[in-house]
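I have placed the structure first, in the form of structure tokens, so that the comments after it can refer back to it.
The values are calculated or read from the model by the stated rules, or taken from the named source; none is laboratory data. This one's a predicted model, so the numbers in the text were calculated from it and none came from an experiment. Note that we place each Cβ from the backbone using ideal geometry, even for glycine, and neighbour counts take in every protein chain shown. For accessibility, only protein heavy atoms count, side chains too; no ligands or nucleic acids. Shrake-Rupley method; radii C 1.70, N 1.55, O 1.52, S 1.80 Å.
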Amino acid sequence: MERPRHQGMAKNTYMRWRLPLVCLLWEVAMIVLFGVFVRFGAEADAHWEEEKREMNLTSDIENDFYFRYPSFQDVHVMIFVGFGFLMTFLKRYGFGAVGFNFLLAAFGIQWALLMQGWFHSFKNGKILIGVENLINADFCVGSVCIAFGAILGKTSPIQLLVMTLFQVTLFSVNEYILLNLLHVKDAGGSMTIHTFGAYFGLTVTRVLYRPNLEQSKDKQGSVYHSDLFAMIGTLYLWMYWPSFNSAISDHGDAQHRSAINTYCSLAACVLTTMAFSSMLQKKGKLDMVHIQNATLAGGVAVGTSAEMMLTPYGSLIVGSISGIVSTVGYVYFTPFLESRLHIQDTCGIHNLHAMPGLIGGIVGAITAAAATEDVYGKEGFIKAFDFTGVYRTRTPSIQGGFQAAGIVVSLLMAFAGGAIVGGILKLPIWGDAAAENCFEDDVYWEVPEDEESDVYHMHSPDKPASP
Amino acid sequence: MERPRHQGMAKNTYMRWRLPLVCLLWEVAMIVLFGVFVRFGAEADAHWEEEKREMNLTSDIENDFYFRYPSFQDVHVMIFVGFGFLMTFLKRYGFGAVGFNFLLAAFGIQWALLMQGWFHSFKNGKILIGVENLINADFCVGSVCIAFGAILGKTSPIQLLVMTLFQVTLFSVNEYILLNLLHVKDAGGSMTIHTFGAYFGLTVTRVLYRPNLEQSKDKQGSVYHSDLFAMIGTLYLWMYWPSFNSAISDHGDAQHRSAINTYCSLAACVLTTMAFSSMLQKKGKLDMVHIQNATLAGGVAVGTSAEMMLTPYGSLIVGSISGIVSTVGYVYFTPFLESRLHIQDTCGIHNLHAMPGLIGGIVGAITAAAATEDVYGKEGFIKAFDFTGVYRTRTPSIQGGFQAAGIVVSLLMAFAGGAIVGGILKLPIWGDAAAENCFEDDVYWEVPEDEESDVYHMHSPDKPASP
Amino acid sequence: MERPRHQGMAKNTYMRWRLPLVCLLWEVAMIVLFGVFVRFGAEADAHWEEEKREMNLTSDIENDFYFRYPSFQDVHVMIFVGFGFLMTFLKRYGFGAVGFNFLLAAFGIQWALLMQGWFHSFKNGKILIGVENLINADFCVGSVCIAFGAILGKTSPIQLLVMTLFQVTLFSVNEYILLNLLHVKDAGGSMTIHTFGAYFGLTVTRVLYRPNLEQSKDKQGSVYHSDLFAMIGTLYLWMYWPSFNSAISDHGDAQHRSAINTYCSLAACVLTTMAFSSMLQKKGKLDMVHIQNATLAGGVAVGTSAEMMLTPYGSLIVGSISGIVSTVGYVYFTPFLESRLHIQDTCGIHNLHAMPGLIGGIVGAITAAAATEDVYGKEGFIKAFDFTGVYRTRTPSIQGGFQAAGIVVSLLMAFAGGAIVGGILKLPIWGDAAAENCFEDDVYWEVPEDEESDVYHMHSPDKPASP
């Protein structure tokens, strides 16, 4: 298998000056903007002793750090190992999967701290950050990792950095509209992260449609060990999803409840995924693509409602349905999207994030609309939906309506944003590879000569065998 | 290496309708039972604000979530990544190891929430769950993962689901007898999880004895990278075992002490394992099988006593001994069990869980019997052993006797249960593979054509070389 | 590829009696010393109920366990999976990387509990341990893992155990001088862990210089999947580094701040590493060696200052610079060190730990010297630098001077200690391999025959092809 060395002919993928320029330019911009705007929040500032006195706190354990840091670390693992390794399933794109995910996420969290900070943590001209900001930055970047899944293997690292810049910006605007203007609940991000991120990515990949992609079809599959690497990603996403959905919920019962609902939903999702994976295949064998992806749909689908009184059996139902929808999606929708709508979705994010994200938004709207003071308790009801201040007259059914509006806004933002950003990424200056070199690490990475390759070389006519 | 395609001849391993049917049937049952029985416990319910007032709690940090959630997540990783990847050492059974473990554990935790809930969290007709229930469900499933280790590679996914159903049931009964009737301490589960799970699995594999298993002997080994995948499992089990043994201990000193004892025991275990691995091999080389498994025996062997005042040096002694016993077991007992007793134990759970589990039970009994008010303090003594209510007159030596009785009960339950369940699994309806197709993912999984395979194909007479 | 079987000719690498002897001797010593000295600290002892009353604590959540245990587990993962897998990049030394790291760390933490205990937790003739001691033991061992990186592939397990014994001892002395005598702040260990560990390891590898190492040059590279295994190590180190730098900081704002600073520094470091990795390579391609290592320099470089008011933008600057320095080091310094100074640094710890460690020490000194009561608040200022008791008259600039002195002391201890220990390891009794067998697991491990090897065997003249 002489790896292709002629990518330079069709397209210029030479990164030597362009990639460093973009990386350094943006890092310098981050430093300047952080210097002007970002400071420690009260709970991370050395003035905390005074703060404690003012807030009448008797113990350091009341610092938000201890409520959220364990969840933060779990979310952090999901973004970098979870998404990174989930995408290593391709036989020759492991470096790009885990490495570019690393790059875009590392940039994205910095830019997200700024964007989300301006919207949510801006006081007296400064963005004051704490552990909750770190979680939210990771969340925001999660939506970029999702979009990355659609274009995996077909873009240059510069394109990914450009996309991250715009997507984080749009994410923050969309999030602001939902959380602040519509006063919508979405702690686990079914709408803001999954629906937005997935439809954004799908729109981008539609704009970047490559008619000749079948030229690299042989590299779009997995090999045995790449499937096992991908399972590392799958399992870390699956295991830590309860932390994801509960990370920024209110202290106490809400965090507790989010974790339980998510745990239940994910457990159910595994069984229906396995059932349909076997059922939809002639030989009745299980397909690793489904196990790696559809088992996670249950986490996406309770992202909005997990902190509500969805109840454990409600979670089982939602998880079961989302596993079925997602698996069916991989078998029937993905080929349809590609052949009819020209949407080339490398990782099948439509099945893992888009559809389950929509389910999540809808379940959230219904659960909110069905809320009663009886189920939540008088105080719990107000606290769960923040029915205070100008929102103190909102009823559950009105809240349900706003939740539904949140889905629509997220979709519109995703389509419009994805179309614009896709257009920008289509410019012929970003160094993406030709169709025949897609899904191939060799284009952007120094790749070691494997022993396997040596074996191939033995048989190549122009190289002597090395025994 | 043309992989065998003739498994259908000897046995019918076609899963298309059977596996989906079982998965869906059981998931529907779970939904119905959860709907009837399972609700949020007080600390996860939206009424928590009222609860806080009643319990006179001043801060949300008093919610059990913050005491146990980090440990829960560590335990969760042990069950899904730890056990899952530990079993990927086989060269062609990585999908089955990590995938079937995923399937059985995802079903098992749901069923365990119900079974354990009926026994321990049942109030006014409802099972009220919180983070401690999630941990206990994971624990219960841990015993199934252990049993899976004995039959790894030799059973169909349906058999595993059937076994899980029965084993979780029996586990819960046994646990109820030990914890509630005998009033035994076993926070890390030396008896309830390891002894029970391992002897159950060994009995099952004895009943399922396959006389012709040497037909797939070539697939029972590892390859270089599968051994590295397995080390991921080993290390996560090893690192997070302090969380496992402390996860459901009493708040405060007991959790703290459990983690320290386990940390010490595991550290010592590594050294004696390495020593005996080298010593028992003619060429003096280390064996990955020992490193992957026997290094963990130290965690098993302090499962009962970790929350007691075992002391750090006591832990070192227990860990050292269990590493030796386990390594010796791999070298001498496993071949003996297979050739003489017809117990085919794929992962050597007899060495990693059965013997160290017994050690753990015995050490627990001795440590309990040796407890004094001087060492524990008057209050600490009562708290550590729950010598309250009807048990307020129990003495340490009587407690030690009950602890010992717990070992015996666990063994009896394991043997009886394993024999019955083994008999059920022997029925010729579950779709297990023929002996020559054991330890081979191709039977139940879509397996990608690897590059290595391509190489082989080059040399196979009936296929043209693809250069 | 017939693997070399003639290592016995040049050197005696037979471990059968030597390795067990050393392991068992040292474990027995640990048991005896633990028996004499180590007991539970107050927060892990069953007398905790009385302790709580005396300390006027109203809740178990005030137990230090809940402040530090999540961070401890993250640090634990960094030591065993992080360092272990980071070093699996070599194509045929994965077992040694992860296995020997496991061995030396498991021994090291026991010895560190004693050594650090005598210096810091010794009361009434006993070492009283709690979760903070476990973290510190892991930290101490971290410095040994770093040194291991320099000599990876070139030493026997016995040499590693001997080195661990001495290095832990010297580490503890150095740490005592810095923290207690110089009253220096170094929560994340830029000086005590990284500077000391790296220069110690570099000195050892200098003393052990092997002039004929190019004989095993073909094994010093990676293969495709070994690079992915290494990325597991990289990412876990990267993700959990905020826990590393904050694990033993003061409760409250200091822990919170350390995590934020480290998060920022690491994010910036990824971008400059990617930039320079591409820029310094003719073809502009990214090099996995840089991505695996230099991206972590940002964590090292804020090790001292993370708990100070470094500010987020300060962290971005430090992280950016350290990524550049580290990447440049891999490209230019490592070859220079090897060819001119005869320092053979397998993992390039000079670039990842030594230089960034120095940066970290210097940044810490500057940040301390620049501290003002205005920035920290009156109380925060005193608390951050422990300007109490005999140190209550210390000014920031004096503190900065002492911080700088801490760097010098660490360097001197590393050079002197490394020279002595290197001399000891040079004795021809420890069973290290000949130059042509370096970086080869086969010397000390039972290695499975891989399918790839079978392929080679097909072509080897003396073996029949097995089709």
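The listed residues are B:A419, B:A435, and the only one of them that is surrounded by fewer than 20 Cβ atoms within 10 Å (Cβ to Cβ), more than 14 Å from chain A (Cβ to nearest Cβ) and either within 17 Å of B:Y93 (Cβ to Cβ) or modelled with pLDDT under 95 (or both) turns out to be B:A435.
For segment A:38-59, taking the residues that are free of Cβ contacts under 8 Å to residues at least 12 places away in the same chain and in a helix (DSSP H, G or I), the one that is farthest from C:K383 (Cα to Cα) is identified as A:E54. The selection criterion, being outside any loop (DSSP other than H, G, I, E, B) and crowded, with 23+ Cβ neighbours inside 10 Å, does not hold for B:Q215. Residue count for segment A:242-280, restricted to those that are touching an Asp or Glu at 6+ places or on another chain (Cβ under 9 Å) and more than 7 Å from chain B (Cβ to nearest Cβ): 13.
Rundown of residues vs (1) touching an Asp or Glu at 6+ places or on another chain (Cβ under 7 Å); (2) within 7 Å of another protein chain (Cβ to nearest Cβ); (3) modelled with pLDDT under 95; (4) under 23 Å from C:P242 (Cα atoms), yes/no style:
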site: A:M30; (1), (2), (3), (4): no, yes, no, yes
site: A:F37; (1), (2), (3), (4): no, no, no, yes
site: A:A42; (1), (2), (3), (4): yes, no, no, yes
site: A:D45; (1), (2), (3), (4): yes, yes, no, yes
site: A:R53; (1), (2), (3), (4): no, no, yes, no
site: A:T58; (1), (2), (3), (4): no, no, yes, no
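In this entry, A:Y209 is excluded by the filter for residues that are at the interface with chain B (Cβ under 7 Å from one of its Cβ atoms) and more than 21 Å from the chain's Cα centre (by Cα).
Checked against (1) without any contact (Cβ under 8 Å) to a residue 60 or more places away in the chain; (2) at positive phi, A:N351 passes all but a single condition, namely (2). Restricting attention to segment A:219-231, the residues being within 28 Å of B:L19 (Cβ to Cβ) and either acidic (D, E) or more than 7 Å from chain B (Cβ to nearest Cβ) (or both) number 5.
Counting only helices (runs of 4 or more DSSP H) that sit completely within segment C:343-403, those holding 1 or more residues that are farther than 30 Å from C:K154 by Cα, at pLDDT below 95 and open to solvent by 30 Å² or more (accessible area, probe 1.4 Å) correspond to C:373-376, C:378-385. The condition of being of a type in the set (V, I, T), buried (at least 24 other Cβ atoms within 10 Å of the Cβ) and under 22 Å from C:A433 (Cβ atoms) holds for only one of C:T88, C:T13, that being C:T88.
Looking at C:G130, C:G153, C:G149, C:G99, just one residue is within 17 Å of B:M274 (Cα to Cα) and buried (at least 23 other Cβ atoms within 10 Å of the Cβ), and that residue is C:G99. Residue pairs whose Cβ atoms lie under 6 Å apart, separated by 6 or more positions or on different chains, with the first residue in segment A:368-390 and under 21 Å from B:E43 (Cβ atoms) and the second of a type in the set (G, A, S) and in a loop (DSSP other than H, G, I, E, B), are A:Y376/B:A46; A:G377/B:A46; A:G380/B:A46; A:A384/B:A46.
Residues of segment C:136-195 being part of a helix (DSSP H, G or I), farther than 19 Å from C:Q403 by Cβ and not hydrophobic (A, V, I, L, M, F, W, C), which ones?
Selection gives C:N136, C:D138, C:G142, C:G149, C:P157, C:Q159, C:T164, C:Q167, C:T169, C:S172.
Any residue at all in segment A:229-240 that is surrounded by 24 or more Cβ atoms within 10 Å (Cβ to Cβ), more than 22 Å from the chain's Cα centre (by Cα) and closer than 22 Å to B:A112 by Cα? Scanning segment A:229-240, I find no residue that is surrounded by 24 or more Cβ atoms within 10 Å (Cβ to Cβ), more than 22 Å from the chain's Cα centre (by Cα) and closer than 22 Å to B:A112 by Cα, so the answer is no. For segment C:72-123, a residue qualifies if it is more than 8 Å from chain B (Cβ to nearest Cβ) and among the β-branched types (V, I, T), and the qualifying residues are C:V75, C:I79.
Yes/no matrix, rows are residues, columns are (1) touching a Cys at 6+ places or on another chain (Cβ under 6 Å); (2) open to solvent by 20 Å² or more (accessible area, probe 1.4 Å); (3) more than 22 Å from C:R92 (Cβ to Cβ):
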{"residue": "C:Q159", "(1), (2), (3)": "no, no, no"}
{"residue": "C:Q167", "(1), (2), (3)": "no, no, yes"}
{"residue": "C:F171", "(1), (2), (3)": "yes, no, yes"}
{"residue": "C:I177", "(1), (2), (3)": "no, yes, yes"}
{"residue": "C:S190", "(1), (2), (3)": "no, no, yes"}
{"residue": "C:I193", "(1), (2), (3)": "no, no, yes"}
{"residue": "C:G197", "(1), (2), (3)": "no, no, yes"}
{"residue": "C:L202", "(1), (2), (3)": "no, no, yes"}
{"residue": "C:T205", "(1), (2), (3)": "no, no, no"}
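The listed residues are C:G82, C:G96, and the only one of them that is under 14 Å from the mean Cα position of the chain (by Cα) and either among the charged types (D, E, K, R) or closer than 20 Å to C:F439 by Cα (or both) turns out to be C:G82.
When segment A:323-336 is limited to residues that are open to solvent by less than 40 Å² (accessible area, probe 1.4 Å) and under 27 Å from B:F40 (Cβ atoms), the one that is nearest to the other protein chains (Cβ to nearest Cβ) turns out to be A:G323.
The set of residues from segment A:184-232 being over 29 Å from A:S410 (Cα atoms) and basic (K, R) comprises A:K217, A:K219. Test A:V141 against the stated conditions and say whether it is under 13 Å from the mean Cα position of the chain (by Cα), within 20 Å of A:V300 (Cα to Cα) and either aliphatic (A, V, I, L, M) or surrounded by fewer than 24 Cβ atoms within 10 Å (Cβ to Cβ) (or both). Yes.
Apart from one condition, A:D345 fits all of (1) within 27 Å of A:A368 (Cβ to Cβ); (2) more than 8 Å from chain B (Cβ to nearest Cβ); the exception is (1). If you check B:S320 against the conditions, is it facing chain C (nearest Cβ under 9 Å), out of contact with any Phe, Trp or Tyr (no Cβ under 7 Å at 6 or more places or on another chain), crowded, with 24+ Cβ neighbours inside 10 Å and at pLDDT 95 or above? The answer is yes for B:S320. Scanning segment C:62-86 for residues that are among the β-branched types (V, I, T) and touching a Phe, Trp or Tyr at 6+ places or on another chain (Cβ under 6 Å) turns up C:V75, C:V77, C:V81.
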